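Heads up: the structure comes next, in structure tokens.
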Amino acid sequence: MSNVIQDSNNTRYHLEDRLEGHHDAIAKISWMVVKLVFEMLNATPRYIFSYRWGYKQDGRWSGMIDDIINNRADLGTNCALYTERLDVIQYTDTTAPFKVGFIFRQPPLSYVENIFTLPFTNDVWLAIGGCVIFSTFILYLASKMDVKNERRQSQLDGSISDALLISISAFSQQGCTLEPKKISGRMTLWVIFTALMALYAAYSANVVVLLQAPSNAIRTLTQLSRSKLTLAANDVDYNHFVFGMFTDPVRVEITKKVKPSQGKKHFYNINEGVERIRKGLFGFHSIVEPVYRRVEQTFLEREKCDLVEIDFMMGLDPSVPVKKDSPYIELFRVSFKRIREVGLQSVLNKRLQVPKPQCTQKITAFNSVGLLDLHPIWALMLLGAATATSVLIFEIIIYKV
């Protein structure tokens, strides 16, 4: 059997003793299953090692595929199904199922939505606007009655602009130097401030919750390619071939993010890649099992709840390759199915592979708020400052004229 070692050269010394479980779990499971097959066939087990599964370059095959087609091995480690490999090998059965894809934490909701408009539905915002207009009209009528009796410096002058100013002050929970003097106007103002204070409390509570909430904005490759996430890959042999095998626009765009034409290519080891995933806004392409093993060791419980994986290659389950027209292929198929039926394969997979971490409890914890979370507020402040400056310039021009 030709075994592919990607993580550590020490794997060849720990194929069966379950030591260094974080290295090459796929190769270890495949070897254990194939050793059982050899015993069932009364064959002498022998294994060799290769550094890659096998890719065609300049018309020649490399790695494990080359070992098989040149009769150095009868079968190989579980590998992905590629069309061009079908010309020289056949696939039998799956011994160690594995997934390859991008793993990342969903970005905070504030990175993909304007959380300051989300607390209320459109109908509620329309109702609030209607209430402001109605309160402005009532204050306008009350101020008209005040002006008929007397006029003070802090008193409303009976104009619609003063009434609107007070309504907007109440809506934004700010004070105003102008105020009605009669009891009817003051009761109206008290009702407006009280109602909008309760509304403001509900709004603020919703905004705080939304600041802590993850989004569900990235679920497909297209969304991933358009996102602001930094994309990278595990620095192992297969990733240097995977990115470059596809020609569709979405995968080409993702490839450009991982392997930019200029500057440093984004390849990291498992430890660094998982740490960047934990910090957020980072997608890491790898076989998912070693990533999840490291996640279990380093992530807090609440940090596991927004983990997402997206398949980049969109392939079928990997299978064991055998040379085309091998005389042993039917014997291998029957033996693999027998091992699967009696549960030995399932036991080995559960012993050596770590599944996706489960979100056992969603714990609410403090998250610091950055400038990106508040970008709608900064935009509104800049717009307000630009509008105020424009009005000032316009007033100066009118005065001069």
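The values are calculated or read from the model by the stated rules, or taken from the named source; none is laboratory data. Predicted model only: the values in this text are computed from it and were never measured. FYI the Cβ positions are ideal-geometry reconstructions off the backbone, even for glycines, and counts take in every protein chain you see. These area figures cover heavy atoms from the full protein model, side chains too; ligands, DNA and RNA do not enter into them. Shrake-Rupley method; radii C 1.70, N 1.55, O 1.52, S 1.80 Å.
Take the stretch 177-205 and flag every residue that is more than 24 Å from residue 120 (Cβ to Cβ) and either of a type in the set (A, V, I, L, M, F, W, C) or part of a helix (DSSP H, G or I) (or both).
178, 183, 184, 185, 186, 187
Which one of these does residue 210 not meet: (1) modelled with pLDDT under 85; (2) out of contact with any helix residue (DSSP H, G or I) (no Cβ under 6 Å at 6 or more places or on another chain)?
(2)
Can you pull out the residues in the stretch 169-191 that are on the phi < 0 side of the Ramachandran plot, within 45 Å of the chain's Cα centre (by Cα) and exposed (fewer than 15 other Cβ atoms within 10 Å of the Cβ)?
If the condition is that a residue be on the phi < 0 side of the Ramachandran plot, within 45 Å of the chain's Cα centre (by Cα) and exposed (fewer than 15 other Cβ atoms within 10 Å of the Cβ), then 172, 174, 175 are the ones that fit.
Restricting to the stretch 27-55, name every residue that is open to solvent by 30 Å² or more (accessible area, probe 1.4 Å) and over 28 Å from residue 241 (Cβ atoms).
Passing the criteria: 35, 36, 39, 40, 41, 42, 43, 44, 45.
Go through the stretch 32-81 and count every residue that is in contact with a Gly (Cβ under 9 Å, 6 or more places away or on another chain), among the hydroxyl-bearing types (Ser, Thr, Tyr) and without any contact (Cβ under 8 Å) to a residue 60 or more places away in the chain.
2
Please determine, by comparing only the residues of the stretch 236-255 that are modelled with pLDDT under 90 and of a type in the set (A, V, I, L, M), which one is surrounded by the most Cβ atoms within 10 Å (Cβ to Cβ).
242
When the stretch 249-267 is examined, which residues are found to be more than 15 Å from residue 283 (Cα to Cα) and touching a helix residue (DSSP H, G or I) at 6+ places or on another chain (Cβ under 6 Å)?
Matches in the stretch 249-267: 250 only.
Name the residues in the stretch 272-297 that are over 24 Å from residue 96 (Cβ atoms) and open to solvent by 50 Å² or more (accessible area, probe 1.4 Å), would you?
272, 275, 276, 278, 279, 281, listed by residue number.
Could you identify the single residue in 81, 75, 86 that is out of contact with any helix residue (DSSP H, G or I) (no Cβ under 6 Å at 6 or more places or on another chain) and buried (at least 23 other Cβ atoms within 10 Å of the Cβ)?
75
Restricting to the stretch 310-351, what's the tally of residues that are of a type outside the set (S, T, N, Q) and surrounded by fewer than 18 Cβ atoms within 10 Å (Cβ to Cβ)?
25
Which residue is modelled with the highest pLDDT, if the candidates are limited to the stretch 21-40 and must be of a type outside the set (Asp, Glu) and in a loop (DSSP other than H, G, I, E, B)?
23
Which one of the conditions (1) more than 25 Å from residue 119 (Cβ to Cβ); (2) hydroxyl-bearing (Ser, Thr, Tyr); (3) modelled with pLDDT of 80 or more does residue 159 fail to meet, given that it meets all the rest?
All conditions are met except number (3).
State whether the residues of the stretch 273-289 include one that is among the small types (Gly, Ala, Ser) and touching an Asp or Glu at 6+ places or on another chain (Cβ under 6 Å).
Looking through the stretch 273-289, none of the residues is among the small types (Gly, Ala, Ser) and touching an Asp or Glu at 6+ places or on another chain (Cβ under 6 Å).
Mind listing just one residue for me: the one in the stretch 326-360 that is assigned to a loop (DSSP other than H, G, I, E, B) and in contact (Cβ under 8 Å) with a residue 60 or more places away in the chain and, of those, farthest from residue 2 (Cα to Cα)?
357
Would you point out the residue of the stretch 217-235, among those that are part of a loop (DSSP other than H, G, I, E, B) and among the β-branched types (Val, Ile, Thr), that is most open to solvent (accessible area, probe 1.4 Å)?
My answer is 220.
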